Amino acid sequence: MYLSGNQVRQSFINFFAERGHTVVPSASLVPGGDSTLLFTNAGMVQFKDVFLGTETRPYTRAVNSQKCLRVSGKHNDLDTVGRDNTHHTFFEMLGNWSFGDYYKKEAIGWSWELLTKVWGLEPGRLYATYFVDDQGDLPADEESRQVWLLQPGFVPENLVQGGRKDNFWEMAETGPCGPCSEIHYDFGPEACNLKDVPGHVCEVNGDCGRIVEIWNDVFIQYNRTSPTEFQPLPKRHVDTGMGFERIVSIIQGVNGNYETDLLKPLLDETQRLAGQTTEERQANITAYRVIADHVRAATFLISDGVIPGNVGRNYVCRMIIRRAARFARNINLSEPFMAKVAARVIENYQLAYPELSANRELIEDTLTAEEQRFAETLDSGFVQLQEYIEELKTYGQTSLDGRRAFDLYATLGFPLEITRDILEESGLQVEEAGFFEAMEEHRLASSRGHYFDDIHQDTIEVFKQERERINKDLKGQVVNSSQAESSYVPYGALSKETILDSIVVDNQPVEQAYPNASVAIMVRESIFYVEGGGQITDTGVVSSNPKGSWEIRIDQASKPASDAYVLNGKVIFGHPRRGDAIIIEVDAERRLATMRNHTGTHLLHTALRQVLGDKVHQSGSVVDPERMRFDFNYPHAISKTDLLKIEDVVNQLIADEYQVHKTIKTLEQAKAEGATALFGEKYGSQVRTIEIADQRGRVSYELCGGTHVDNTAQIGSFYILSESSVAAGLRRIEAVTGLGAYHYARERINQLNQIASFLQTSPTEALSKTEALEAELKQNRRELERAHAEVANLSFKQKLDEVREVSGVSLLSALIPNADVDSLRSLADQFRQKYTSGVVVLGTVVNEKPLMIAAVTPDLIKRGLKAGDLIKKVAQVVGGGGGGRPDMAQAGGKDPSKLPEALKQVDAYVIENLN
Ligand SMILES: [Zn+2]
Ligand SMILES: [Zn+2]
């Protein structure tokens, strides 16, 4: 039975939906709220918190197909992509999930039923594995073994044992874990690539390509508390994962993933664009596969809001596009072509992933712009790298200095991965540590912030434990008030009376802290906003209640672990003790300024779409008390007129005094009502919405966890400070509101007043006065130039007396004071008109730099004297270089004092080089 890729995906989802599973959409490739992960790399990423028990979902059974990307870290297939027929950067993972619902009997039974009954795979080709502990701490998974033997048609000999390495799954060194049962498919003896190796036996989890894993059912049943201690979990879960591309290749009976209808059309389109024959395609199959894989990955990345850039995720996007572009050179594709391949990706995948067609224009424009950008430096990069390779070979070295590789990236845009690819083709390597060192230095020098904050693992552990201890303590107490539960409510009053639950100093929980100690504390009810959604952290003060015994200055609010809201700061005086009654106060002025800027970004978003169109999508923002920074996708710079319009729209919305409504509702409801969600953000089933609206209509409606003013009038006023490019297709606006806007305007007015008083006029007259002065200046400059030209002409006429005859040629080399390029040129022309056979070299000093011009008459060019070569030679004396046409050339230099010496060399050069 033939099924298209789309039909395979749909039949998987339907099969489990019919068995009570909720169909959950794929999460974004950018993991929400998980800063430890660059990209979503498995189906379970969006359910991680459910397994950890810190998040609940309204369903207990789920099914999905998840977009995944593996390009860095432990699971990294980049180097093998294209070399074989099975590896990818981007891939899809099909999964069915039970959260404390069904278990092994159903999971295994359904896997078997789907594979053999629905998809019609031959039972004899299927193998299964179950867990038998090779370390002796855990019982064998007898239950799975029994269930497998009951499956109709299952061959008992095809049931295989596996140990910790292949058949036990854990998320980390501690936490939820359990045995798993893998299903493998036998491609038959001809698929064995090790047939000729003496003694080789084809095996499950063996070395050859004959029997390969297609599906893994994980049974989460333990909580690991130490290397050898496992506690049974009260709720047991099922987590399964099946490689989509591989199962499609099996069902379609084709030789490898790149032959499926998921990827083959991309290879076909590439072949069409390259105009190659089937034989040529086969000879260059690695390039074809890399292009298909990378363009597909980039298409999905861009549609999830990741555009090419220099750091983090954006670097990865840039790297895969450029890597595809460089492989395209191997098949003579040098013009931008990826948009056309991406169009096939969108066509093929839009049913399952509607975000692709919604972002079609953005995807195609971004790919083309990045290809064009890379094309500018690609050839120079190849040449430079080739020089490095020669040099390495000359000196018998095998590894390129990482700093040179970084220079190649910084100046010619060669990502490390491309440099590595090219070096490997010559049997060489690149020293990667040096590359990253140089990158780190460059990053620290060029940016103020970190992109991926590494929260120390120990810190996370400490606060997880403190959270558990506090929760236990609270449960033990008589519930007599709302204070029996800890909470995070940054949206209400800016001061609160509550309890100090935990003090941590140097990663150690303590009873009491001392003056000047750096502390991290947890309070019963935290009102400090934790950095998120672009808005920066609150600061403030925590003090004893009543005030006076002790005080802590709070510099940052953070959330190192689930439910663990932590305030970091310093003890100013006194001895804070665990359990103390406290007063917590947020720095109100700072917070209010931040709120004005945050609500301001929502208005700016509205104004941008109103003035520039719906194509504008927010890509990120930073909101602090001083200013807002707003990044958005837009193909080119914004005109001054449009910037003023945008500023006008925002200020009008402020003056119109719109109400700002903050409401919690379900994600479905908010989306149905038209709320804007951001790229790559992860939202729970309950979301906070910010709606700016009244009876006149709705101005803005966004999902947002930030703090906002109650009425737009509180923003005061709004000024755009700058508009700039962050990367191809990504623009940035910086703006100010409230008192920040006042200070900005005040400063500008002061500057204008100073200018006016300097010009001895009024501010309103300052511009016309400046224009008049500018015209006067221009006039004076013209007169001066005319005078200089006259002087130069005069001195040239005198110098004509110095024309000598050298080897029968009229020759003049002279210093002309106060000349410029144009006058030297016109003097050289005069010389050539006067002498039918001659050489002239003139020098002058412009802006304290030497400048020379040489001219040669046509008859002498034929005799081997070229102005370009001549000037190159004599300019060396003034520490410069130059060149040009054989009849006229110019050169610059560094040392004007050497000009006379340089001019003296002309005679000798002419004598030597004239044939
Ligand atoms: Zn084999
Ligand atoms: Zn917001």
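The values are calculated or read from the model by the stated rules, or taken from the named source; none is laboratory data. Quick caveat, the model's predicted, so the values are computed rather than measured. When we count neighbours, we look across all protein chains shown, and the Cβ atoms used for this are built from the backbone with ideal geometry, even at glycine. Quick note on the areas: whole protein, heavy atoms, side chains included, nothing else; ligands and nucleic acids left out. Shrake-Rupley method; radii C 1.70, N 1.55, O 1.52, S 1.80 Å.
Here residue 794 does not fit the description of being open to solvent by 60 Å² or more (accessible area, probe 1.4 Å), of a type in the set (A, V, I, L, M) and under 57 Å from the mean Cα position of the chain (by Cα). It is to be established whether one or more residues within the range 577-596 are open to solvent by less than 10 Å² (accessible area, probe 1.4 Å), farther than 28 Å from residue 736 by Cβ and of a type in the set (Gly, Ala, Ser). Among the residues of the range 577-596, not one is open to solvent by less than 10 Å² (accessible area, probe 1.4 Å), farther than 28 Å from residue 736 by Cβ and of a type in the set (Gly, Ala, Ser), which makes the answer no. Here the helices (runs of 4 or more DSSP H) wholly within the range 587-689 that include at least 2 residues being within 30 Å of residue 372 (Cβ to Cβ) and more than 16 Å from ligand 1 (Cβ to nearest atom) are 588-612, 640-655.
Of everything in the range 260-292, what is assigned to a loop (DSSP other than H, G, I, E, B) and either more than 13 Å from residue 331 (Cα to Cα) or polar (S, T, N, Q) (or both)? Give them in sequence order.
Those that are assigned to a loop (DSSP other than H, G, I, E, B) and either more than 13 Å from residue 331 (Cα to Cα) or polar (S, T, N, Q) (or both): 260, 261, 262, 263, 276, 277, 284.
Only one of the numbered conditions (1) in contact (Cβ under 8 Å) with a residue 12 or more places away in the chain; (2) closer than 30 Å to residue 303 by Cα is violated by residue 574, and that is (2). In the range 376-472, counting only helices (runs of 4 or more DSSP H) that sit wholly within it, the ones holding 1 or more residues that are among the hydroxyl-bearing types (Ser, Thr, Tyr) and at pLDDT 85 or above span 402-412, 416-425. Count of the range 310-333 residues, restricted to those that are open to solvent by less than 10 Å² (accessible area, probe 1.4 Å) and assigned to a loop (DSSP other than H, G, I, E, B), is 1. Within the range 607-649, can you find the residues that are touching a helix residue (DSSP H, G or I) at 6+ places or on another chain (Cβ under 7 Å), hydroxyl-bearing (Ser, Thr, Tyr) and within 16 Å of ligand 2 (Cβ to nearest atom)? Hit for the range 607-649 is 621, nothing else. Only residues that are closer than 20 Å to residue 590 by Cα and away from ligand 2 (no atom under 16 Å from the Cβ) were counted across the range 701-720, and they come to 5. Restricted to the range 711-819, the set of strands (runs of 3 or more DSSP E) holding at least 1 residues that are without any contact (Cβ under 8 Å) to a residue 60 or more places away in the chain comprises 718-727, 804-806, 809-815. Quick check on my filter: what residues within the range 724-737 are at pLDDT 95 or above and more than 19 Å from residue 533 (Cβ to Cβ)? Within the range 724-737, just 736 meets the criteria. Scanning the range 46-63 for residues that are open to solvent by 70 Å² or more (accessible area, probe 1.4 Å) and either touching a Pro at 6+ places or on another chain (Cβ under 6 Å) or under 23 Å from residue 18 (Cβ atoms) (or both) returns a single hit, 58. Applying a threshold of 6 Å to beta carbon distances and a minimum spacing of six or more residues, or different chains, the list of pairs starting in the range 198-226 at a residue that is under 18 Å from residue 169 (Cα atoms) and ending at one that is open to solvent by less than 50 Å² (accessible area, probe 1.4 Å) and within 16 Å of ligand 2 (Cβ to nearest atom) is empty. Do the conditions hold for residue 352, that is, is it at pLDDT 90 or above and part of a helix (DSSP H, G or I)? In short, no. Can you pull out the strands (runs of 3 or more DSSP E) entirely within the range 163-233 that have at least 2 residues that are open to solvent by 50 Å² or more (accessible area, probe 1.4 Å) and away from ligand 1 (no atom under 16 Å from the Cβ)? So the answer is 168-170, 211-226. Taking the range 492-581 as the region of interest, the strands (runs of 3 or more DSSP E) fully inside it that hold 2 or more residues being within 30 Å of residue 703 (Cβ to Cβ), away from ligand 1 (no atom under 16 Å from the Cβ) and not aromatic (Phe, Trp, Tyr) are 495-505, 518-523, 551-561, 564-573. Residue 283 meets all of the listed conditions (1) free of Cβ contacts under 8 Å to residues at least 12 places away in the same chain; (2) closer than 20 Å to residue 186 by Cα but one, namely (2). Number of residues in the range 628-642 that are basic (Lys, Arg) and under 16 Å from residue 605 (Cβ atoms): the value is 1.
Among the residues examined, residue 868 does not qualify as under 48 Å from the mean Cα position of the chain (by Cα) and exposed (fewer than 14 other Cβ atoms within 10 Å of the Cβ).
Restricting attention to the range 491-535, report how many residues are under 16 Å from residue 566 (Cβ atoms), under 34 Å from the mean Cα position of the chain (by Cα) and touching a residue at least 40 places away in the same chain (Cβ under 8 Å).
12
Scanning the range 107-154 for residues that are among the hydroxyl-bearing types (Ser, Thr, Tyr) and surrounded by fewer than 20 Cβ atoms within 10 Å (Cβ to Cβ) gives a single hit, 116. Reported count of residues in the range 820-843, each being open to solvent by less than 10 Å² (accessible area, probe 1.4 Å), without any contact (Cβ under 8 Å) to a residue 40 or more places away in the chain and not hydrophobic (A, V, I, L, M, F, W, C), is 1. Residues that are within 21 Å of residue 470 (Cα to Cα) and of a type in the set (Val, Ile, Thr) were ranked within the range 555-598; the one that is nearest to the chain's Cα centre (by Cα) is 566.
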